[in-house]
DNA sequence: TCTGGGGTCCTAGGACCC
DNA sequence: TCTGGGGTCCTAGGACCC
């Protein structure tokens, strides 16, 4: 048995944790640079506020309905996320944190101890609420895809109250026939349109298809989805939590960047982020993509990207940063108003199978990098950085409606006034 | 005044090689 | 009369997710 547990409108709910005055009000949270709306509380959803629309287009409507607007407060969300994940992790044999607000659970030995999954789901919800004040939905299923579907039902369909269980053909059919095909994990708008043309409208319609045929018409991914909807596990636990094949860090700038120093310091910050993520999954990269471009909404779109090949695969942030320094003059052009830049590690290999180069002595210093990761974990992000990250913060993002970092900064700690 | 997210994986098509 | 291979690598764009 698997479960998927995730938070209801996580960012919006996180904003409500330490601010009870907005608990009952519509809340929206914006993406980086206050660009788009990326989370809507149930009250905001009731006002038909769409997700991923540019904020400036909806400003008037939001004001008119007295909607609370917040910038993304990642420090807060990351901390609340780890608290939430800790609580959830107590309830299963195996937990895989799939994104900031959702985790898959696997039940092996635990399963024999549980006789009522519905009740167990409610226990999880209650524990998370009691300890973090975050509302979560719980879906149980005999495959990961069915757990996802149950989770959708738990939160979006009438009559489930936050928990849904798919443990046989019957319960699967009852839920899948009430779901649109595009509500299935992995089926988006484009595929949905094509499927509709084939008279496949509900999730159950999709489950009724022949997997072989779906592979022919679409891809392996759709084939596996159909199998999973029918209770056959295709995404084994190891596959669900597979290592990433590529790791990117990219960001649009708070203000357009026109000088080479700012571009450099942003790119090197991205290197540090990518390096850290590589080390987290014990991977090394053979090549780095480095890119920068102007706004796609501008008349003449400037875009350049370069591939940098390392003689020896690495996860050392300093070596990644050196690649940026080399490529930078080719990337930068005077007069361009840069809108976004980033780096991506592609062609990853496991640390375990690292192939040393006979002629290039390794300058990779795993121990140093691990120590830096440890110090930053202990004393906070940014305690130790590469010097070139620091040179300028001109490019930092815009966050006009930022709430306090209640749990990660002493000066922001909530005060109780009697 | 101007404003438009971030991340991952897959695929089709082209270039190139023998 | 008409016909012409197979593999690898790269890139851009598509698709999906939250």
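Annotation for the stretch A:166-235 versus the stretch A:5-67: alpha-carbon center distance of 31 Å.
Between the Cα long axis of helix A:317-331 and the first principal axis of chain A there is an angle of about 70°, rounded to the nearest 10.
Tell me whether the stretch A:247-379 comes out rounded, prolate or oblate; compute the Cα gyration tensor, take square roots of the eigenvalues as a ≥ b ≥ c, and use a/c under 1.5 as the rounded threshold. Please report the intermediate quantities before stating the final value.
On the way: a/c = 2.37, a/b = 1.76, b/c = 1.35.
Prolate is the answer for the stretch A:247-379, as a/c is 1.5 or above and a/b outweighs b/c.
In chain A, the calculated helix contribution to ellipticity at 222 nm averages -11500 deg cm²/dmol per residue, counting -39,500 (n - 2.57) for every DSSP H run with n ≥ 4. Taking the longest Cα principal axis of chain A as reference, the axis of helix A:74-89 is set at about 40 degrees.
Take every DSSP beta bridge whose two residues both sit in chain A, then give the antiparallel share in percent to the nearest 5.
Values: 47 of 54 bridges.
Bridges in chain A that DSSP calls antiparallel: roughly 85 percent.
Comparing A:245, A:334, A:217 in a Gaussian network model of chain A, where Cα atoms under 10 Å apart are tied by springs, the biggest mean-square fluctuation is seen for A:334.
The ranking of A:410, A:185 from fewest to most other beta carbons within 10 Å of each one's beta carbon is A:410, A:185. Only Cα pairs within less than 10 Å get springs; with that Gaussian network setup on chain A, which residue of A:375, A:100, A:290 has the largest fluctuation? Evaluated over chain A, the most mobile residue of the options is A:375. Each label was represented as a point 7 Å from its Cα along the Cα-to-Cβ direction; for residue A:393 and residue A:416 these points are 3.3 nm apart.
Taking each pair of different alpha-carbon atoms in chain A once, compute 1/r for the pair, average those values, and report the inverse of that mean as the Kirkwood hydrodynamic radius in Å to one decimal. Numbers along the way, then the final one.
Values: mean 1/r = 0.0417 Å⁻¹.
Roughly 24.0 Å, rounded to one decimal.
Considering only A:396, A:174, A:39, the Gaussian network model of chain A with Cα springs below 10 Å gives its largest mean-square fluctuation to A:174.
Relative to the longest principal axis of the Cα atoms of chain A, the long axis of helix A:220-229 makes an angle of roughly 30 degrees.
We did not get these values from a lab; they are worked out from the coordinates using the rules stated. These figures come from a predicted structure and were not determined experimentally. Backbone-built Cβ (ideal geometry, glycine too); neighbour counts: all protein chains shown.
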